[in-house]
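One structure below.
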Amino acid sequence: MLLRHRLIVIGLATLCSALVFRAADARAAMLRWRGDYTTAHSLADALAVAWARHGGGRLDVDSFNTISGIDETLSGKVNIAGSARPPAPSEPGESGLVFTPLAWDSLVLITRRGNPVHNISLEQLYQVYMGYITNWSQLGGPDRPINLYSIASPLDGLEFDLRKFLYGRGDQEIAAPRLYLNTQQLQAAVRLDPDALGLSAYSDVDQIRGLQMLSVEGVRPDRATLADGSYPFIVPLYFATNPSDPDGVEVRKFMRFAEGPAGQAVIRARGMVPYGEGGALAAGARSRAQWIEARLTSEQRATPSR
């Protein structure tokens, strides 16, 4: 009787220990991601599915915008932030995060499908964003106003990148009266407006009906021009983590997964180039920036097109 009692006690203790271990393991495996809609839709959602399938645990993806993801990762509310830009020099607190580039993507100018304008030059784009060009007829289209759509926060990843390409600073003010919280809202609005012009990412827009992407300087954004670096607006997508995160062990496991073969397969399937496979793209970043700058001379920038 005493032996049976001891066995029962030992069995219960073993079961409780196992349950406690599993509960702790489950808590450790539960990670939270927050960031811009484009990075979520193009990258985080698919990586979360692959991570779960490979037994890594659960990654909750909450898409909103870049700043919210960075702020909440800094404060410890989430584990990983998604961003289409590196730390902003004007935001010193962001240097406390580790920004890991995972994929190469393309910035794309979008209109509603059916817009007769299919190409825009760098000079024209510069002047549209500055408010010098305001009518589609100035771009070879109909005599109708250009409704320029943008994201409310100038530090949004995609907007920051484009403005840095065009003006040398990511927080440059632009002439965009229609502002949205994120690219999801912006894309929905562009689909409804035949006179709209906005900014998104190739990996996101390629999956959305009702939108069309403009060529830039005659180069169409697609998988080929991303891979060979001939499209001018090529940018990395980042996941940012906090070195002080209590769940750092699990975060590092996930990041190794995202950078490994399974994560790279997800990135390729979404039409992007894994960052580690884009050595030529990284090496060519400066030359692309110089190529853009050469087409935007000081005279062109100072002279409005009428």
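Residues in the range 10-20: is at least one of a type outside the set (Lys, Arg) and at pLDDT 50 or above? The answer is no; no qualifying residue exists.
Among the residues of the range 287-306, those that are modelled with pLDDT of 70 or more and either exposed (fewer than 11 other Cβ atoms within 10 Å of the Cβ) or in a helix (DSSP H, G or I) (or both) comprise Ser287, Arg288, Ala289, Gln290, Trp291, Ile292, Glu293, Ala294.
If you go through the range 141-171 and keep only what is within 11 Å of Leu186 (Cβ to Cβ) and small (Gly, Ala, Ser), you end up with Ser150, Ala152.
Can we say Thr73 is hydroxyl-bearing (Ser, Thr, Tyr), within 18 Å of the chain's Cα centre (by Cα), modelled with pLDDT under 95 and buried (at least 17 other Cβ atoms within 10 Å of the Cβ)?
Criteria not met by Thr73.
The set of residues from the range 76-97 being over 16 Å from the mean Cα position of the chain (by Cα) and β-branched (Val, Ile, Thr) comprises just one member, Val78.
Can you spot a residue in the range 268-276 that is surrounded by 14 or more Cβ atoms within 10 Å (Cβ to Cβ), under 25 Å from Ile70 (Cα atoms) and over 16 Å from the mean Cα position of the chain (by Cα)? Yes, there is a match, as at least one residue in the range 268-276 is surrounded by 14 or more Cβ atoms within 10 Å (Cβ to Cβ), under 25 Å from Ile70 (Cα atoms) and over 16 Å from the mean Cα position of the chain (by Cα). Leu158 fulfils the conditions (1) in a helix (DSSP H, G or I); (2) surrounded by fewer than 17 Cβ atoms within 10 Å (Cβ to Cβ) except for a single criterion, (2). In the set Asp143, Asp171, Asp195, only one residue is in contact with a helix residue (DSSP H, G or I) (Cβ under 8 Å, 6 or more places away or on another chain) and either without any contact (Cβ under 8 Å) to a residue 24 or more places away in the chain or under 17 Å from Pro221 (Cβ atoms) (or both); that residue is Asp143.
Looking only at the range 77-112, residues that are at pLDDT below 95 and exposed (fewer than 15 other Cβ atoms within 10 Å of the Cβ) come to 7 in all. Picking from residues in the range 161-204 that are modelled with pLDDT under 90 and buried (at least 24 other Cβ atoms within 10 Å of the Cβ), the one that is nearest to Ala224 (Cα to Cα) is Asp204.
Restricting attention to the range 75-93, the residues being farther than 26 Å from Gln264 by Cα and touching a strand residue (DSSP E or B) at 6+ places or on another chain (Cβ under 8 Å) number 1. The range 32-122 holds strands (runs of 3 or more DSSP E) entirely within its bounds, and those carrying 3 or more residues that are over 27 Å from Tyr231 (Cα atoms) map to 58-64. Look at Ser230 and say whether it is over 26 Å from Ala48 (Cβ atoms), of a type in the set (Ser, Thr, Tyr) and out of contact with any Ser or Thr (no Cβ under 9 Å at 6 or more places or on another chain). Spelling it out, Ser230 is indeed over 26 Å from Ala48 (Cβ atoms), of a type in the set (Ser, Thr, Tyr) and out of contact with any Ser or Thr (no Cβ under 9 Å at 6 or more places or on another chain).
The values are calculated or read from the model by the stated rules, or taken from the named source; none is laboratory data. None of these values were measured; they are calculated from a predicted model. Positions of Cβ are backbone-derived with ideal geometry, glycine not excepted, and every protein chain shown enters the neighbour counts.
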